[in-house]
1. Working from Cα positions, state the angle (0 to 90°, nearest 10) between the long axis of helix B:59-70 and the longest principal axis of chain B.
2. Evaluate E = 1/(1 + (r/R0)^6) for residue B:357 and residue B:18, where r is the Cβ-Cβ distance and R0 equals 22 Å; express this FRET efficiency to the nearest 0.05.
3. Taking the dipole about the Cα centre of the protein assembly as shown, with the C-beta of Lys and Arg at +1 and of Asp and Glu at -1, give me whichever of B:274, A:239, A:97 is farthest to the positive side.
4. Starting at the first residue of region B:199-209, write each ³J(HN,Hα) from the Karplus equation 6.51 cos²θ - 1.76 cosθ + 1.60 with θ = phi - 60°, in whole Hz, x for Gly and Pro.
5. Evaluate 2.2 N^0.38 Å with N set to the residue count of the protein assembly as shown, then give the Cα radius of gyration divided by it.
6. Can you flag which of A:66/B:11; A:66/A:245; B:230/B:330; B:11/B:373 are past 30 Å Cα-Cα?
7. Among the DSSP beta bridges whose two residues both lie in chain A, what percent are antiparallel, rounded to the nearest 5?
8. So what's the back-of-envelope 222 nm ellipticity for the protein assembly as shown, counting only DSSP H runs of four-plus at -39500 (n - 2.57) apiece and dividing by all residues, rounded to 500?
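Any read-out appearing in this document is the output of simple, stated calculations on the displayed coordinates, not a laboratory observation. Computed from a predicted model, the values in this text were never measured in an experiment. Note: ideal-geometry Cβ built from the backbone for every residue, glycine included; neighbour counts use all protein chains shown.
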Amino acid sequence: MNAPPDKAPPASPHTASAPLADSAPLAIDARGLTRRFGDFTAVNAITFDVRQGEVFGFLGANGAGKTTAMRMLIGLLEPTEGSAIVAGVDVVHDADAVRRRIGYMSQRFSLYDDLTVQENIRLFGAIYGLSDARIAERSEVLLARIGLLESRKELVRRLPLGWRQQLAFSVALLHEPQVLFLDEPTGGVDPITRRVFWELIYETAAAGTTVLVTTHYLDEAEYCDRLTIMVDGSIAVAGSPGEVKRALGVTTLDEAFLHLTRPAAAT
Amino acid sequence: MWRAIRALVQKEFLQVFRDPATAVQVFVIPVIQLLILSNAATFDVPRAGLLVVDEDRSTVSAQVIDRLDGSGRFRVVGVTPTEAGVEQAFLDREARAVLRIPHDFARDLERTGTASVSFSVDAEDGAAAGILQTAAMAIIGDAARAVQLSRGGAAAVTVRASPPVEVRGTLWFNPTRNYKHFMVPGLLVSLTSIIGLLITSQSIVREKELGTIEQLNVTPLTRTQFLAGKLLPFWILAMVIFSIGMTVGVFVFDIPTRGSVPLVFASAAIYLVVVLGIGLFISTIARTQQQVMFVAFFLLLLFLLLSGIFTPLESAPQWAQWIAAANPVKYFVFIMRTVLVRGGGLAEVGSTMAGLAVAGVAVMTLAVRQYHKRSE
Ligand SMILES: Nc1ncnc2c1ncn2[C@@H]1O[C@H](COP(=O)(O)OP(=O)(O)OP(=O)(O)O)[C@@H](O)[C@H]1O
Ligand SMILES: [Mg+2]
């Protein structure tokens, strides 16, 4: 189904050494988070937590409610019920304080494509209150890392998709957020760029940033410290990739996913 | 606070100037429209047949008739002492308008400085009727004024139009009888308003459609900063357009600047906050650019038709006048004409300016409150 990465997965920042202690402070603590659109329940009372520095995967078929859940966590959508503490702040009550502490890369590309790379960075840097010197410094580091330094004067519209996505990722990191939300960062990009992306994600996590990432690629899910699979708005299973496979009695996440989303096909 | 707003203003300018279509729309089209429209508004109405019922038969009434015939706007097809035959002339389309000068016209004017005449116009073509009516008011007023001036007095003539349009109006002072002097300020107001409302009403909803607004909403940018960042760049653009229009008006059309030009610009600055604020308010509510276009065009049509630019408001039915009372365009047209054409000052337009300022604050407050970073 999904093309496997061309090489072995990059080493997880944690599994290589020791898994994160269960006692690590929580970066996200969602309790009974629910969102209804009219009669339709898009997200149904999901409860989960993410520890600081973790790479946490959000899986689920199209329409399972991943984006909706994420939008509630970052203060873009009012939850119908439930609560969530993100980066130590209650998002229902003080969304702006949460917004200062998080970065977000949306599923749909949402930087200004009629501005250049540099103009986008300057705009968001200024909005986050970074000084000019700090913006210059950060953009140097971030752009050099993704090899976009030479193209800083290009209109974003002219960049290939893979680079646009990496730019969006970098802009989300501009203000050094505590928690990074990535909604299908690798949607539509080639396998090489996907690998690059995961290296970036690991680097970010290794530096102490918590990452919540949604994906449709099950091989990518293997790189997560922990993950949940959402089915029709609810969390069907959660845990480390190993735990998930064991709980469902399957050997691959592919099987686990099929088992949950298309029970008939799996048996 | 200001840093974020400045960055947003820069961003809007970059976007406007980078897109040649927008740049042309903003700067070139208004000037061309102003040139074409003001000429069209002046010359497109051919000299209209005018039948005069002159019950007064005085030298003053004769002067009024002379002026009308010599104005280039009317062709006097007949002067009769009584109403007989008037209806037939209308039906035969020999006359498009009838002016009735009552028999004590000259006497009233001499004694009291005021007099009234009645003017009825074939309202089949509403816009032309309005133009004729406005023109007649101006010309008759000038004639009366000239008579009075020669005697050393002031003059005002009330023109009453018979149904279907009912008019009560006091006349503008327009000594050169140049219709453009009257129209160009109005056209300038309408063009600035059209551009201002369209561009602001598109701007937020466009970001909603593109999805770029999410990236802003997920930052700690406040609602006030966001709206200030939308208002300011378009306000600057609209002021520039207005200045270009004023320059064209003054140097190409010789519109008078009898009053204080800074006062006109100060009023424009206030007025534009109202118009752009309305545009932003619509934009915060709408979901698609199509919705916003529909609402903006509807509002513009209503505002412009009920602004007194094209037809005197006095001729509008009562319900329309109530709507017009809430029409910012009308107030700005009033300020422009009062200051530029009549030489009015702060004393005449100050309260109107204050009213516009209140409206500007109110509409921007509404827009800020209406805007939500988090959808419900
Ligand atoms: N604003 C909205 N109004 C009504 N329904 C909505 C709205 N937003 C999302 N939904 C519905 O909620 C459900 C979950 O959508 P969501 O975008 O969260 O799914 P997803 O898991 O992110 O899917 P995908 O993998 O396709 O991105 C879908 O059925 C969607 O149609
Ligand atoms: Mg989604």
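1. Helix B:59-70 sits roughly 50 degrees off the main axis of chain B.
2. It comes out at approximately 0.05.
3. B:274
4. Calculated HN-Hα couplings, in order: 5, 6, 5, 6, 5, 6, 5, 5, 5, 5, 5 Hz.
5. Relative to the 2.2 N^0.38 Å estimate, the protein assembly as shown comes out at 1.34.
6. Distance filter (> 30 Å) returns A:66/B:11.
7. The answer is about 55 percent antiparallel.
8. Result for the protein assembly as shown: -17000 deg cm²/dmol, rounded to the nearest 500.
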